[in-house]
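Chemist: One structure is given below, represented as structure tokens, and several questions about it will come after.
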Amino acid sequence: MNIGFYIIIFQHTNMIGEEGGWKQYEFFVFLATTWFINSIVQTFFMPNAQEFSELIRTGNLDFALLKPIDTQFLISFQKMDWASLSNFVMAVALLVYSLINLTSQPENPLTLHWSMFLLYPFFIFCGVMIMYSIMVALASTSIWLGRNQTLYNCWFYITNFSRYPMEIYQRGWGWALWGAFTFVIPVLVVVNIPARIMAQPLRPVGHQWYWPFIALAATLISVLSSRFVFKKALGAYRSASS
Amino acid sequence: MTAHVVKWWTILRISLEERFVYRGDFALGTLMRFLPIITQIFLWTAVFAAVEQASTQSGAQASEGAAEQSAAGSATTVAGYSLSAMIAYYLLTMMSRAFSSMPGLASGIALQVRNGEIKKFLIQPVDMIGFLLLTRMAHKLAYYTIAILPFAFVFYLCRGYFELGWPDMQRLVVYVCSLLLAFVLGFFLEASIGLISFWFLEVSSLLFVYNLLTFFLSGHMFPLDLLPDIAQQVVTYLPLHYLAYFPAAVFLEKIPANEMWIGLGVQALWVLAFIGLSRVMLNRGLHRYSGFGG
């Protein structure tokens, strides 16, 4: 749906940001990447996270705790919402369409390298893991708060920042946001890194070679810290039943 | 008559009290709702920067290339909106949507039809649409009482984006009227969709499409002036743009003074049309409806 909005924006401008280099088809690669990550998260993790806060409220988490399996694993993969995977197909279509356009454009056509097809899925995976970590951390807070109805809202507002190229934040007080959402809650690297690898493979040669490493480090730190938060939260769990 | 008034007043009061239970959560939630505006500000700043750069480049080569450059000077505009106007527009649509959005109304009606809860309106001397309207009004009243603080705060912070300042009195009156009408229109529009459940039982996918269309065609997502001319023509004939675009456009003086009264009139006609439609649907629907069990 968002694509309609961007098609209209690109009717009025040929680029987002002065030197950002996000022209129409580059940006559509970015958008496809967003869709990939969102569809994966919504298929595998979103239903479970919602279920989790309900488990806490009703006290049914007891049953999950009793089972001889890692609790986080159990509650993370209980359900799958296959319908959300339809967006994944849409993302594939959009990505292919944009890449065809990018590789055949007259000026400065994109050349695809085999390494891109390895790195792109890998960094999408990293992005999904970061999103998953944020979700686990948010869901865990419902142990302390009893009920976290605004979980979904909170999730939506935080991930909302990840849907745009990080360059747009790099001005004025946006730098503070940029810093916070890159290094504290690393949502900006989630989409930006894989999208950049696919759409602007030439640029990392310069001063930006370190971004994939930042993404990797961010993934590791997020997964570990969400695990820590989850454990900590479980420690505070008091069953709701008698 | 007095009994009626007392009854409706009681419904309103109970709903109000119910709404005020979670005040803190409410205020925080409202403030959070402005977060997407921040990304919009940055997105549009980036877009305008690109447009400006493109026009200065082409302007250097050929002076007629600077089509987007307004005659007044260097202010860049997109579809007649300067950057400030664009951001002001987004803030104003937040305002419009605070009036016209009806979360959970249609799905609530559909649920009641499906699980048979609607029976209570058949037995009790309470009109269903009236009851829902009052609870919704209570919800909105409670919402504004608390939301006025975060709203005022954000609008105060963003006052610089309103380059034109306050519109004149006449415009302000039209603005407020169109906001109030947007509330009523939003309510009856969504109630009508919820009432389709008498025929379909499950309206969630229909609702999904409706929400998508509303987001797009009400002007919530972007000013409708950005649309190509033909699409813009079509959209003005739809009721949806009264839910977000019209009030904001009135405030920003995008609609000439004589046209805004006509617009307001058309909006009122849409309201009447949907009031009628929902009444007919409720009547017909209840005749179709069959309730089982206790």
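The values are calculated or read from the model by the stated rules, or taken from the named source; none is laboratory data. As the structure is a computational prediction, the values presented were derived from the model and not from experiment. Virtual Cβ from ideal backbone geometry, glycine too; neighbours counted across all protein chains shown.
Chemist: Would you pick out the residues in the range A:1-60 that are within 28 Å of B:LEU83 (Cβ to Cβ) and not in a helix (DSSP H, G or I)?
Modeler: Within the range A:1-60, A:MET1, A:THR13, A:ASN14, A:MET15, A:ILE16, A:GLY17, A:GLU18, A:GLU19, A:GLY20, A:GLY21, A:TRP22, A:LYS23 qualify.
Chemist: Moving on to the next point. Return the residues of the range A:139-188 that are at pLDDT 75 or above, facing chain B (nearest Cβ under 8 Å) and part of a helix (DSSP H, G or I); say none if nothing qualifies.
Modeler: The answer is A:CYS154, A:TYR157, A:ASN160, A:PHE161, A:ARG163, A:GLU167, A:ILE168, A:TYR169, A:GLY174, A:LEU177.
Chemist: If you check A:LEU224 against the conditions, is it hydrophobic (A, V, I, L, M, F, W, C), under 24 Å from A:PHE117 (Cα atoms), in a helix (DSSP H, G or I) and modelled with pLDDT of 85 or more?
Modeler: Criteria not met by A:LEU224.
Chemist: Moving to a separate point now. Would you mind finding the one in B:ALA268, B:ALA182, B:ALA249, B:ALA231 that is within 14 Å of another protein chain (Cβ to nearest Cβ) and either in a helix (DSSP H, G or I) or of a type in the set (Val, Ile, Thr) (or both)? Give the steps one after another, and end with the answer.
Modeler: Details: B:ALA268 fails: within 14 Å of another protein chain (Cβ to nearest Cβ); B:ALA182 fails: within 14 Å of another protein chain (Cβ to nearest Cβ); B:ALA249 fails: within 14 Å of another protein chain (Cβ to nearest Cβ).
Of B:ALA268, B:ALA182, B:ALA249, B:ALA231, the one residue that is within 14 Å of another protein chain (Cβ to nearest Cβ) and either in a helix (DSSP H, G or I) or of a type in the set (Val, Ile, Thr) (or both) is B:ALA231.
Chemist: If I go through the range B:252-265 residue by residue, how many of them are crowded, with 18+ Cβ neighbours inside 10 Å and assigned to a helix (DSSP H, G or I)?
Modeler: Result for the range B:252-265: 3.
Chemist: Away from chain B (no Cβ under 11 Å), touching a Leu at 6+ places or on another chain (Cβ under 8 Å) and over 16 Å from A:ALA195 (Cα atoms): does that describe A:SER53?
Modeler: On the way: away from chain B (no Cβ under 11 Å): yes; touching a Leu at 6+ places or on another chain (Cβ under 8 Å): yes; over 16 Å from A:ALA195 (Cα atoms): yes.
Here the answer is yes, as A:SER53 does meet what is asked.
Chemist: Moving on to the next point. Find the residue count for the range B:193-228, including only residues that are of a type in the set (Gly, Ala, Ser) and within 14 Å of chain A (Cβ to nearest Cβ).
Modeler: Residues that pass the stated criteria total 4.
Chemist: A further question on this structure: Take the conditions modelled with pLDDT of 75 or more and facing chain A (nearest Cβ under 10 Å) and apply them to B:VAL6. Does it pass?
Modeler: No.
Chemist: Quick test of your reading of the structure: A:VAL89 fulfils all but one of (1) free of Cβ contacts under 8 Å to residues at least 60 places away in the same chain; (2) among the hydrophobic types (A, V, I, L, M, F, W, C); (3) within 14 Å of chain B (Cβ to nearest Cβ); (4) under 21 Å from A:LEU31 (Cα atoms). Name the failing condition by number.
Modeler: Against the list (1) free of Cβ contacts under 8 Å to residues at least 60 places away in the same chain; (2) among the hydrophobic types (A, V, I, L, M, F, W, C); (3) within 14 Å of chain B (Cβ to nearest Cβ); (4) under 21 Å from A:LEU31 (Cα atoms), A:VAL89 comes up short only on (3).
Chemist: Further question on the same structure: Look through B:SER63, B:SER107, B:SER101 and report the one residue that is modelled with pLDDT of 80 or more and either within 11 Å of chain A (Cβ to nearest Cβ) or surrounded by fewer than 19 Cβ atoms within 10 Å (Cβ to Cβ) (or both).
Modeler: From the options B:SER63, B:SER107, B:SER101, the qualifying one is B:SER107.
Chemist: Name the residues in the range B:197-219 that are β-branched (Val, Ile, Thr) and either at pLDDT 90 or above or in a helix (DSSP H, G or I) (or both), would you? Walk me through it before giving the result.
Modeler: First, the residues of the range B:197-219 that are β-branched (Val, Ile, Thr): B:203, B:209, B:214.
Correct list: B:VAL209, B:THR214.
Chemist: Same structure again: Which of the residues belonging to the range A:179-193 are more than 13 Å from A:THR159 (Cα to Cα) and buried (at least 19 other Cβ atoms within 10 Å of the Cβ)?
Modeler: Selection gives A:ILE193 alone.
Chemist: What is the residue count in the range A:67-91 for residues that are in a helix (DSSP H, G or I) and surrounded by 14 or more Cβ atoms within 10 Å (Cβ to Cβ)?
Modeler: Residues flagged as in a helix (DSSP H, G or I) and surrounded by 14 or more Cβ atoms within 10 Å (Cβ to Cβ) within the range A:67-91 amount to 11.
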